1. For residue 29, what is the net charge nearby, where nearby means another residue's Cβ is under 14 Å from its Cβ and Lys, Arg count +1, Asp, Glu -1?
2. Count charges around residue 83 for me, please; just the other residues with Cβ under 14 Å from its Cβ, Lys/Arg as +1, Asp/Glu as -1.
3. Summing -39500 (n - 2.57) over the DSSP H runs of n ≥ 4 in the chain and dividing by its residue number, what mean residue ellipticity at 222 nm do you reach, to the nearest 500 deg cm²/dmol?
4. Based on Cα positions only, what radius of gyration and what Dmax would you give for the stretch 25-88, in angstroms?
Amino acid sequence: MTLSFVLVGTAAVAAGAVGIRLPTGDRIAAGLPLVIGAGVGVVAAAIGTQISSDTPEGYSTVFLVASALGFVATLVGLVVLWRLTERERSGASGSAPGSAPGES
């Protein structure tokens, strides 16, 4: 169970860290990969509880697998978001508006 909570917390920290690095207007979008990860985790938990044994160890394993899948889904979502905002991030730190690259 401890590892499950570590995965959930780490995904939240990763989303916050990516959100801080995004342009101001896009920061709220860092929460969307968390929604995706939570959704994947809930689906995995729902399926897992139907196929696992009705023991505490079985439910712990289901929760761990669901947390791991949610963690991976969150990271994939963050990578996609980071790539989608790459142009805005490079434009914000690049040259002045209206000047061509390489001109001073």
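1. +1
2. Net local charge, residue 83 excluded: 0.
3. Per the formula, -25000 deg cm²/dmol.
4. 14.8, 50
Coordinate-derived values only; no laboratory data. Quantities reported herein were computed from a predicted structural model and do not represent experimental measurements. Neighbour counts run over all protein chains shown; Cβ positions are idealised from the backbone, glycine included.
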